[in-house]
Number of protein chains: 2
Amino acid sequence: MVKTQATKPDWREARRRSARDAIVVAAWTLVEREGLAALSLRDLAREAGISTPTVYAYFDSKNAIYDAMFGQAAEQFTAYMAAIPDSGNVRADLAAALRGFATFCTASTPRYQLLFQRTVPGFEPSAESYAHAVAALDIARLRLGEVGVTDPRQVDLWTAMTVGLVDQQISNDPHGDRWLSLVDDAVEMFLTHCLPTSTSTSPTRAATRERARR
Amino acid sequence: MVKTQATKPDWREARRRSARDAIVVAAWTLVEREGLAALSLRDLAREAGISTPTVYAYFDSKNAIYDAMFGQAAEQFTAYMAAIPDSGNVRADLAAALRGFATFCTASTPRYQLLFQRTVPGFEPSAESYAHAVAALDIARLRLGEVGVTDPRQVDLWTAMTVGLVDQQISNDPHGDRWLSLVDDAVEMFLTHCLPTSTSTSPTRAATRERARR
DNA sequence: GTCTATAGCTGGATAGAC
DNA sequence: GTCTATCCAGCTATAGAC
């Protein structure tokens, strides 16, 4: 009575999910070690302790695996960015957001490449997975809006600065903080440019210099 | 008498060079059409009108072809950057250099990827080819120095801004000028940040605004 | 669902006749 | 130098027994 037929599909689905997850975990382990493009189904099966055809019992194709990875990464991204607190201080919050973004990106190069660069040959994320990523990027845009930066050109300038810092950091100093350490400087430079009549709620280096000049 | 044996090796070398060049030309045609990573020796041979083994008569390996392409690209780069004139106006010259760099990069995506990103799997440019590229980048650094920006941190900020603009332009608006059109803005923002006591030789928007504030 | 075995393809690189 | 023919390695994906 308790165990009706309706409960049975639930296990199955649960087991299926955890088996899928195990494969995706193995995939991350591999791409972290060998590079995103170097993922092969043979290696993946070996890493996961199964045979190649078994992979196909859970994923229709190699791109389906990339898509699952993309979805997972996008989820992590939204969670990470949403967890950055708002203090009310314009410069501090923007700097925190940028630093958070950069930290997230540099924490895993293949994750960054999968999510933000288009380095995998024939792969396009599914609409569902992609929506996640776009939503998180819009959060960043909203944050800029709250600060008072709404001119699309200025938003473009911001994104350029952002990806520039992250890109240089990842490709020229993967394990250091040479460009990461410039985040405060960059934010100050950007806001001084975009908001000449400063509206920040606490003193900053720029505001201090401004005052000293009068 | 006139035709000594010494002249014979000259033709040979000349013919050999032009044959090599023809192969490299075919390679550029292909990567421009199919992407840098998609270059295969079969396709290359077909495009060049020869057979696959013949390619090996001129290049030891596939990477040797990439290296020849890299060398050519580096040469084009130095020539292009050296041709940008100096006017003596700090902001204008820096903007011209940045615009030139961005224009050069966006003119050919695979060339940009080969020169500045490390997207080809096992390929490292030979020391000789690489020296060319580094020399050109140092010219840009010198230009910054002349302007009065010598703090390494500020140089890093400049390079981040530069690659950010180019990267966004290439990956999000390949045939437009959405980020290219921000060059003047970016230069103004950067110089205002780095040289608070402006030393530019002609009025700029920033200087004008500065004056208006007093 | 899981395996062994293998198909089918594409890649770089080589042998050997001419 | 140039070709035809081929080797060998790697890949994704499938067939079919259990």
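Since every read-out is calculated from the coordinates, none of them should be taken as a lab result. The model shown is predicted, which means the values in this text are computed figures rather than measured ones. Please note: Cβ atoms are built from the backbone with ideal geometry, for glycine as well, and neighbour counts cover all protein chains shown.
Only Cα sites of the stretch B:102-148 enter the Debye sum here, all with the same form factor; the resulting log10 I(q)/I(0) across q = 0.14, 0.24, 0.27 1/Å is -0.44, -0.98, -1.06, listed in q order.
Of all beta-carbon atoms in chain B, the one sitting closest to the axis that brings chain B onto chain A gives B:Gly164, 1, with the distance in whole angstrom.
Based on alpha carbons, the Rg and Dmax found for chain A are 21.8, 83 Å.
For chain A, the longest principal axis of the alpha carbon atoms and the long axis of helix A:183-194 meet at an angle near 60°.
Orientation-averaged projection of the protein assembly as shown equals 29.8 nm² [convex hull of Cα atoms, one quarter of hull surface area].
What are the nm distances, shortest first, from A:Ala37 to its equivalents in the other copies, labels at 7 Å along Cα→Cβ? Here the equivalent label points are 0.4 nm apart from this one.
The same position A:Pro196 in the other copies lies at 1.8 nm from this copy, comparing label points 7 Å beyond Cα toward the beta-carbon, shortest first. Annotation for the stretch B:1-87: trypsin sites (Lys or Arg not before Pro) lying in DSSP loop with at most 10 further Cβ atoms inside 10 Å of their Cβ are B:Lys3. Taking a quarter of the surface of the Cα convex hull of the stretch A:7-50 gives a mean projected area of 3.1 nm².
Distance between the modelled labels on A:Thr197 and B:Thr52, one decimal in nanometres: 7.0 nm (7 Å Cα→Cβ projection). Computed from Cα atoms, the angle from the helix B:127-147 axis to the main principal axis of chain B rounds to 20 degrees.
For chain A, the longest principal axis of the C-alpha atoms and the axis of helix A:152-172 are separated by about 60°.
Positive contributions from Lys and Arg (+1) and negative ones from Asp and Glu (-1), summed over other residues with Cβ under 10 Å from the Cβ of A:Asp156, come out at -1. Gain on full extension, evaluated as 0.36 nm per residue between B:Arg118 and B:Thr29 minus their Cα-Cα distance, stands at 30.0 nm.
Could you grab the relative contact order for chain A? Cα pairs under 8 Å, six or more apart, rounded to a whole percent.
Once normalised by length, the contact order is 20 percent.
Its alpha carbons considered, the stretch B:101-193 gives a radius of gyration followed by a Dmax of 14.4, 42 Å. With the label put 7 angstrom out from Cα along the Cα-to-Cβ vector, B:Ser181 ends up 3.8 nm from the copy partners, going from closest to farthest. Remark: the stretch A:25-82 is approximated by an ellipsoid whose semi-axes, taken from the C-alpha gyration tensor as √(5λ), come to 22, 13, 9 Å, largest first.
For the stretch A:76-184, the relative contact order is 33 percent, taking Cα pairs closer than 8 Å that sit 6 or more residues apart in sequence and dividing their mean separation by the residue count.
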